[in-house]
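The values are calculated or read from the model by the stated rules, or taken from the named source; none is laboratory data. These numbers come from a predicted model, not from an experiment. Every residue, glycine among them, receives a Cβ derived from its backbone with ideal geometry; neighbour counts consider all protein chains shown. Each accessible area value is taken on the protein alone, full model and side chains, heavy atoms only, with ligands, DNA and RNA left out. Shrake-Rupley method; radii C 1.70, N 1.55, O 1.52, S 1.80 Å.
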Number of protein chains: 4
Amino acid sequence: MASHEVVIFGASGYSGLELLRLLARHPNIEVVGASSDSSRGERVFSRLPEWPSDLVFEPHDDLMRRVTRAQTALLATPAKTSAELVKLLFDRGVSVVDLSGAYRLQDPRAYVDWYGFAHPYPELLAKAEYGLIELNDRRVRPQTPRIIANPGCYATAAILASLPLVVANLIDNSPIVIDGKSGVTGAGKTLDEKLLFGEVAESVRPYRVARHQHTPEIERALSFVAKRQVVVSFTAHLIPMRRGLLTSVYARARSGVRQEEVDRALTDMYAAGRFVRVVRDRPPETGILTGSNFAEVGAVLDERTRTLIAFAALDNLVKGAAGQAIQNLNRLLGFEPNAGLLPERFEQRNAGSPA
Amino acid sequence: MASHEVVIFGASGYSGLELLRLLARHPNIEVVGASSDSSRGERVFSRLPEWPSDLVFEPHDDLMRRVTRAQTALLATPAKTSAELVKLLFDRGVSVVDLSGAYRLQDPRAYVDWYGFAHPYPELLAKAEYGLIELNDRRVRPQTPRIIANPGCYATAAILASLPLVVANLIDNSPIVIDGKSGVTGAGKTLDEKLLFGEVAESVRPYRVARHQHTPEIERALSFVAKRQVVVSFTAHLIPMRRGLLTSVYARARSGVRQEEVDRALTDMYAAGRFVRVVRDRPPETGILTGSNFAEVGAVLDERTRTLIAFAALDNLVKGAAGQAIQNLNRLLGFEPNAGLLPERFEQRNAGSPA
Amino acid sequence: MASHEVVIFGASGYSGLELLRLLARHPNIEVVGASSDSSRGERVFSRLPEWPSDLVFEPHDDLMRRVTRAQTALLATPAKTSAELVKLLFDRGVSVVDLSGAYRLQDPRAYVDWYGFAHPYPELLAKAEYGLIELNDRRVRPQTPRIIANPGCYATAAILASLPLVVANLIDNSPIVIDGKSGVTGAGKTLDEKLLFGEVAESVRPYRVARHQHTPEIERALSFVAKRQVVVSFTAHLIPMRRGLLTSVYARARSGVRQEEVDRALTDMYAAGRFVRVVRDRPPETGILTGSNFAEVGAVLDERTRTLIAFAALDNLVKGAAGQAIQNLNRLLGFEPNAGLLPERFEQRNAGSPA
Amino acid sequence: MASHEVVIFGASGYSGLELLRLLARHPNIEVVGASSDSSRGERVFSRLPEWPSDLVFEPHDDLMRRVTRAQTALLATPAKTSAELVKLLFDRGVSVVDLSGAYRLQDPRAYVDWYGFAHPYPELLAKAEYGLIELNDRRVRPQTPRIIANPGCYATAAILASLPLVVANLIDNSPIVIDGKSGVTGAGKTLDEKLLFGEVAESVRPYRVARHQHTPEIERALSFVAKRQVVVSFTAHLIPMRRGLLTSVYARARSGVRQEEVDRALTDMYAAGRFVRVVRDRPPETGILTGSNFAEVGAVLDERTRTLIAFAALDNLVKGAAGQAIQNLNRLLGFEPNAGLLPERFEQRNAGSPA
């Protein structure tokens, strides 16, 4: 089958290596460039034994010089770096899937408020599409090249858990409380004392309380489908594991809502979804999803307090980053939705639920 | 100083061993009996190298025969076992601090609803005192012997975080959402496949969603101080660590409430509290508290959504179990509040806060 | 491409699920049966989200009744169970790859000494082949059906690290000391208090000191290639991780041996090896190999003490179990050596080393 | 009882905080100064909730100016820093217990070979005493002030396991192989990518193979008691835990040696030892020793291969660092050997063994 060429910027971090791991198996894609300023000169397979070629990590600038508009770029760089790289690539006619938050929001002021920097190319924000596959709105820009903003890991889980409740109109207008718990790879391979094993093991701690930068993309996505302003109070927690992310969503059930409606809302939403499965007999958990692009969702109506409690679990590096980016790549390039993510023989199981 | 004799039932589990570890240093208490059906015949110091005597674990029945009303009993047995042992001890005139939930609730029906068994001695429930030191209400029964129900680990953290908000009247009447995250020792040394290292490591999962048995004791404590019915929706999560527990509390702020009032509410509540400290410069975290009887609390007003977010962190085996039991023992027996828990030289630092 | 049918006994344990995970991608193999007495009735994809079919775990007996000689059986059952199942399958003409130790040794007495049971079918031992791909000796039995004993996880790593030293005659005749360190999944999903998270986390402990049952298969393999009796003192250690295994091998260097000869011995041995790579710039480590069928080996001559120190790292569930079983299956059935283990595009990189 | 004043340099690292944690309970010692360049200005109790005073971390230089010869200094600084600080303190007449390796070796060249720097004060090396309490040789210098070099964590465990074998003359002259496994706090709170949680969790790796700087102090100690040159090949391994260290020692048994002699050698050596206990029914393990100054030792004769296998387990921050430093301090100052390390009521149990 014809092969499409892809380049990866920021390829030696946790998300970048995960892109390489998954793309090694993609039947339609060939990775022809991988940049990393910190690992320049190192061969990819020294970091990833299964990597099939002699590809070498090169500096961002070298890769940028080589990239052509026949290729597609994946960016696993920090938001400030991505903001610049996307502009350079777009100007050269190269389509991009950006794993950072640099183009997820439309309002330039939100970058000052939530990311702490003024976006350097606010005019480009309107050209970017938010790449959450399960969201009906794709708002595809009829443009070439395209800029796809891959959703954040917390945002993906938060939206997947909340979406059915909002779409089926099961909850009232009060703020949705979202409590996120993530393993450390979500923070990237950052040299920060707080991320040392000695500081993370045997400890749990909240961070960016009510200030996490994934909040506005969650609100934007939910508001779009709700056709009203949805308000979210989100708090992130770091827990001692490498991979895995769970969001616990707490909302006020509308009066009269019953568990059967909740069940139906989830099933209706995800029956057709390839990579989201509804679990009923047990709550979602992350361990079973390690290395996989599947997310699990579940929801319980606490009748006594009229609280709707929904969960989504996923692997933050796969469905929360690299796997979802490949879903976006497949859609952008017209490949099979499962390509690179599931065995080719996989045919959608009709149940959609493991229970 | 004169020494008081204590016996421990269920002494070889995680909480039981922690009682022994702490009491080894208690200046006024001598442990003269330790029961364990599973470790019978084994010497205590084989499990706890610092144990100073040749004490041997003996069967519950043997210990029960020996205990006298001059002694006090600590129970680290499961709730159903404790329900029976407390009755036997009470009838023999022995005061008890019970670490299980067997006597924490007053309404016998709550045991059917939340614990899944009919309480065998409902008439004894009214004689029990709820031993959360920081709660003003002690409702001390003018009786001998006394039954003190040591609070649950989640309940302790949930109440410590919520108490200032309720007392200072900062939140409205809507249900309080509490998201608890705990290490595995909270579940005891139970032979359950779900507690194997291979199943817990690299995973996070909710459990007992909206059905956790600590819910009614949280509601009861908060309702008492609020002088109204406080409703709580509590969900527990298992995270991959041995010790440590964090509760994240989400409530609706009353209109007009500002961060300064929140800060003052915490400071007012815990300025005099020996083992609860208010943190401001960072959120509470569990790692720093391992092995200690201190809890950390903090609270942030999310102005944008008017959500009050409060946290409490503690070591589930110390402040959440054995340490708090020793606080209760000290109060019961008239010893210094810090005895066995802090160096004798410790004098209350006036700030009460590390920031 | 034509598909070969395979059945798996013991499919819901750690090794069994890993077989399923890998075979889901195998281009030539279709899994048509999966037995598990403990998970009977459960669908495979409830445990393994990526599983592509509606296959259901069934009891061992049911699967045994269905299996035909046109199929091949993979056994991920305990040694005593495998001893029986292999006999039943062999008698029915079905070829087997057995992941247990039941047919790894030739001397029936060794089962009494090392496994603690008398082998029920000693006459079958001589018909089994030891399936360590990298060992030149395959001693293939010209028989149908065939019995392939998949090597133990520790044994695989121990042999891979020692083989070059023995083949190149770099070490003297004194016993080789092997210190093994493994994550807990090597022990299977066994309900044993010593395997609870609370007992494994934050602890390291030796076990089966000088009595581990992988010792005789290590000695047998090394003695075969050395053409002399090689004696090994092996000690296993449990460390707090899920997957991953490292063996540290200590042997006396022959006089005159230099580091260059050691380097050459490793390169000569593994240049052609698809799944063993030699590392030089750093010692082997397990983290980089999680989920992969690659092993890393490295060796250092401690000139000062004339000790040759060799290491092998691997994922105990892949190269140490399921992945190696698939290598054996590929060889047995004449498929590509990489099939199911690497992307099809993978072509042997000439260097063989990541450095 | 009269209180002796102590100052701690490098007090905010893992070993420094452990010194503070233990000294908070020491009946005879008052910590009057704690230096930390990185945490200057922070109050000690913000890092250590149980700390009883308002002590503030101050810069090394400030503390150095204040220290008097009536006080004693504990150094938990890196070796190069300690080399300088010891000199300054010694010149001012202050006795020192140094937890680094700066004064553990006598031969200045060994610093170039093993530590990678030329020792700045080689003439001071001969004045230092090696503070392994269990070693009969104390070679106390009849000098004031005294310099006590606290042994390394690996060295302590390696020597404790090997000492009985050497003293009882159970092993031959061939090199002793020592395989060490340690949690990450042994490496200190160093900002090194290899120590991030994401790199340490789910991985095991050797490091400083045959080049670890604790090797010469192990050889020096064992050679002294053996009255011959003992040669050791030592390799360190990093395993995913915070605290805990196990050494596995492999030596050739002299012909004729039997297990009973091994047992007796251990019992004879450690019967009188307060903080070393011999275990027989199971191998030593680290988990049971967390937070304690006890070490466990055990030894097994592998009759088949004539290998003597000995283990020692300890908490690297207590017996391997801060606890042992307090043992040295107690000896230096004439306090009870248990002071600050065990409850005062502790009286030596006669058995010395938990089995």
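Structure notes:
- Residue satisfying all of: in region B:1-13; open to solvent by 20 Å² or more (accessible area, probe 1.4 Å) and modelled with pLDDT of 95 or more; farthest from residue B:34 (Cα to Cα) among these: B:4
- Of all the numbered requirements in (1) out of contact with any strand residue (DSSP E or B) (no Cβ under 9 Å at 6 or more places or on another chain); (2) open to solvent by less than 30 Å² (accessible area, probe 1.4 Å), residue A:80 misses one, and that requirement is (2).
- Count of region D:318-345 residues which are among the charged types (D, E, K, R) and assigned to a helix (DSSP H, G or I): 2
- Cβ pairs under 7 Å, 6+ apart, first in region B:209-231 and over 15 Å from residue B:167 (Cβ atoms), second part of a helix (DSSP H, G or I) and open to solvent by 40 Å² or more (accessible area, probe 1.4 Å): B:213/B:114; B:213/B:115; B:215/B:114; B:216/B:114
- Restricted to region D:210-247, and to residues there that are of a type in the set (D, E, K, R) and open to solvent by 30 Å² or more (accessible area, probe 1.4 Å), the residue that is nearest to the other protein chains (Cβ to nearest Cβ) is D:242.
- Test: residue in region D:152-171 that is open to solvent by 10 Å² or more (accessible area, probe 1.4 Å), under 17 Å from residue D:75 (Cβ atoms) and in contact (Cβ under 8 Å) with a residue 12 or more places away in the chain: yes
- None of B:173, B:169 is at positive phi and modelled with pLDDT of 95 or more except B:169.
- Residue check for residue C:277: of a type in the set (Lys, Arg) and in contact with a Ser or Thr (Cβ under 9 Å, 6 or more places away or on another chain): yes
- Of all residues assigned to region C:172-187, at least one qualifies as being more than 13 Å from chain D (Cβ to nearest Cβ) and either touching a helix residue (DSSP H, G or I) at 6+ places or on another chain (Cβ under 7 Å) or open to solvent by less than 20 Å² (accessible area, probe 1.4 Å) (or both).
- Of all residues making up region C:195-208, the number that are in contact (Cβ under 8 Å) with a residue 40 or more places away in the chain and more than 7 Å from every other protein chain (Cβ to nearest Cβ): 0
- The single condition among (1) within 14 Å of chain A (Cβ to nearest Cβ); (2) surrounded by fewer than 18 Cβ atoms within 10 Å (Cβ to Cβ); (3) aliphatic (A, V, I, L, M) that residue C:118 does not meet is (1).
- Scan region B:298-341 for residues that are away from every other protein chain (no Cβ under 14 Å) and of a type in the set (Lys, Arg) and the total you get is 1.
- Search result, residues across region A:268-288 that are touching a residue at least 40 places away in the same chain (Cβ under 8 Å), in contact with a strand residue (DSSP E or B) (Cβ under 6 Å, 6 or more places away or on another chain) and either within 14 Å of chain B (Cβ to nearest Cβ) or among the polar types (S, T, N, Q) (or both): A:279, A:286
- Residue tally, condition open to solvent by 50 Å² or more (accessible area, probe 1.4 Å) and either modelled with pLDDT under 95 or of a type in the set (D, E, K, R) (or both), over region C:272-315: 8
- Of all residues making up region A:69-94, the number that are farther than 21 Å from residue A:24 by Cα and β-branched (Val, Ile, Thr): 3
- In the set (1) surrounded by 20 or more Cβ atoms within 10 Å (Cβ to Cβ); (2) within 12 Å of chain A (Cβ to nearest Cβ); (3) touching a residue at least 60 places away in the same chain (Cβ under 8 Å); (4) farther than 22 Å from residue B:198 by Cβ, residue C:27 fails one condition alone, (1).
- Listed by first and then second residue, the pairs with beta-carbon distance under 9 Å, at least 6 apart or on different chains, first residue in region D:1-22 and within 13 Å of chain A (Cβ to nearest Cβ), second open to solvent by 30 Å² or more (accessible area, probe 1.4 Å) and assigned to a helix (DSSP H, G or I), are D:12/D:47; D:14/D:186; D:14/D:187; D:17/D:47.
- Test for residue D:97: is it buried (at least 21 other Cβ atoms within 10 Å of the Cβ) and either within 22 Å of residue D:327 (Cβ to Cβ) or of a type in the set (Val, Ile, Thr) (or both): yes
- Just so you know, in region B:52-72 the residues that are at pLDDT below 95 and open to solvent by less than 60 Å² (accessible area, probe 1.4 Å) include one that is farthest from the other protein chains (Cβ to nearest Cβ), and it is B:53.
- You will find that of B:33, B:41, the residue that is surrounded by 20 or more Cβ atoms within 10 Å (Cβ to Cβ) and at pLDDT 95 or above is B:33 and no other.
- Number of positions in region D:302-317 that are part of a strand (DSSP E or B) and not aliphatic (A, V, I, L, M): 3
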